[in-house]
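The values are calculated or read from the model by the stated rules, or taken from the named source; none is laboratory data. None of the values given here were measured: they were computed from a predicted structure. Using ideal geometry, Cβ is built from the backbone for each residue, glycine included, and neighbour counts are taken over all protein chains shown. Note: areas computed on protein heavy atoms with side chains; ligands, DNA, RNA excluded. Shrake-Rupley method; radii C 1.70, N 1.55, O 1.52, S 1.80 Å.
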Amino acid sequence: MFRLDWRKSTFSEEASSCVYLAVTGNGKIRLRESDDPDVILTTTPAALRAFIRGAKAGALDGIQGGGA
């Protein structure tokens with residue numbers, strides 16, 4: 001098994017929940033959040049790019065988070 005090099009988002013503040021990103025050997029992207037680091041999302045660079053573009057364009061405005 002390989003070790004991931006997790007990097008903290010530059011948008012994460014010191015005392016807040018932080019988002020971390022790591023790139024795997026096959027180019028997939030893994031994301032986790034500091035409050036629950038055992039939950040890891042896996043995506044592709046293209047899908048993450050599309051998500052970020054949509055979020056910046058307001059496509060996610062009005063979505064409210066809810067606990068599971």
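Numerical summary
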quantity: Counting all C-alpha pairs of the chain, share separated by more than 20 Å (%); calculated: 39
quantity: Degrees separating the helix 45-56 axis from the principal Cα axis of the chain, which is the longest one; calculated: 30
quantity: Sites GLU13 and THR44 - FRET efficiency at Förster radius 25 Å, r taken between beta-carbons, to 0.05; calculated: 0.35
quantity: Total formal charge among the other residues, if their Cβ is under 9 angstrom from that of THR42, Lys/Arg +1 and Asp/Glu -1; calculated: +2
quantity: Surface share of carbon and sulfur [accessible, 1.4 angstrom probe, percent] for the stretch 1-66; calculated: 54
